[in-house]
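Throughout, read-outs are computed from the coordinates displayed, never taken from laboratory work. Every value quoted in this text rests on a predicted model; they were computed, and no experiment measured them. Here Cβ is always computed from backbone atoms with ideal geometry, including for glycine, and neighbour counts include all displayed protein chains.
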Amino acid sequence: MKHIAIYHAKPDMLPDGKLMLAEYGWATGERREELRQLARMFFATRYELVAIYRSSVEDTGDITNHLEKAYSKTQHIGEDWRDNEGFHFLPARPVLVRSTSIGDIMQVGDALYIVEPIGYSKL
């Protein structure tokens, strides 16, 4: 069983007020890498921990299966994803929760993974 911390980017992701996530999904090549670097730089201040998920996926050594499960469990499809089983929620204060999206980050142990348009990249 793996614990996956799920962090959502705050609306003011970049210091100049631009929303990185909107651009991140369309960026390619060098620009995509630049945006990954910004995510690493601003992780501590511009992302908010919204949940910790206990993955029950069989551990095959491939972290992707766990990330996919956490991603699918954090989508508002017909109902609030917080009603799904397997979650601990932080912080204790009420937080506006949206579906996990491109540019959000999942943490497994010390490793950080950014949600890509398709799949995940290790930061």
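Our coupling estimate for region 68-74, obtained by passing each phi through the Karplus curve with A = 6.51, B = -1.76, C = 1.60 and θ = phi - 60°, is 4, 5, 4, 4, 5, 6, 10 Hz, Gly and Pro reported as x. As a rough footprinting exposure proxy, the listed residues L67, L35, L49 were ranked by other beta carbons within 10 Å of their own, and the order from fewest upward is L49, L35, L67.
Of I114, I102, the sequence from fewest to most neighbouring Cβ atoms within 10 angstrom is I102, I114.
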